[in-house]
1. If you scan region 1-17, which residues turn out to be outside any strand (DSSP E or B) and surrounded by 12 or more Cβ atoms within 10 Å (Cβ to Cβ)?
2. Tell me yes or no: at least one residue of region 23-43 is over 11 Å from ALA86 (Cβ atoms), open to solvent by 30 Å² or more (accessible area, probe 1.4 Å), of a type outside the set (Lys, Arg) and within 11 Å of the chain's Cα centre (by Cα).
3. Could you figure out which of (1) more than 14 Å from the chain's Cα centre (by Cα); (2) at pLDDT 95 or above isn't true of VAL14?
4. Of the conditions (1) in contact with a helix residue (DSSP H, G or I) (Cβ under 7 Å, 6 or more places away or on another chain); (2) at pLDDT 90 or above; (3) assigned to a loop (DSSP other than H, G, I, E, B), ALA32 satisfies every one except a single condition; which number is it?
5. Has region 73-81 got any residue that is open to solvent by less than 30 Å² (accessible area, probe 1.4 Å) and modelled with pLDDT under 55?
6. Which condition number does LYS94 fail, the rest of (1) at pLDDT 95 or above; (2) open to solvent by 50 Å² or more (accessible area, probe 1.4 Å); (3) under 18 Å from GLU17 (Cα atoms) being met?
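The values are calculated or read from the model by the stated rules, or taken from the named source; none is laboratory data. Keep in mind the model is a prediction, meaning the values are calculated, not measured. Cβ placement follows ideal geometry from the backbone for every residue including glycine, while neighbour counts extend to all protein chains displayed. Side chains included, ligands, DNA and RNA excluded: accessible areas come from the protein's heavy atoms. Shrake-Rupley method; radii C 1.70, N 1.55, O 1.52, S 1.80 Å.
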Amino acid sequence: MLYRFQSRATPPFVMLEVNARQLFEIIGRAPAPKGVVTVDQMPGAIAALAAAMAREGENTHNADAYAVEGHDNEAEKQHIGLRQRAAPLLHMLKDSRADGKDVIWVV
């Protein structure tokens, strides 16, 4: 399943369910088929994402719940961390907050 994130302030983007669920957990939202982050809720969501991204750098496995133990060097080079997965949503939230627009998602 794919989640589509949209805002009137930015271009939309699509994310795999497993990655979207991780971000929903970080920002304290239920992974519903559709939802909204209002402008009033954005400061908390932005702070939560930024904190999770900062914690990622403190851990050898990037503080990533999906990291695989014992992976080889090739797999480590190809690992996509939370920082890369969260960046589109973080940018969308920041830009939408600046423009006073809500962020919505749909399945």
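1. ALA9, GLU17
2. The answer is yes, given that some residue of region 23-43 is over 11 Å from ALA86 (Cβ atoms), open to solvent by 30 Å² or more (accessible area, probe 1.4 Å), of a type outside the set (Lys, Arg) and within 11 Å of the chain's Cα centre (by Cα).
3. Tallying (1) more than 14 Å from the chain's Cα centre (by Cα); (2) at pLDDT 95 or above, VAL14 fails exactly one: (1).
4. (1)
5. No: zero hits.
6. The number of the failed condition is (3).
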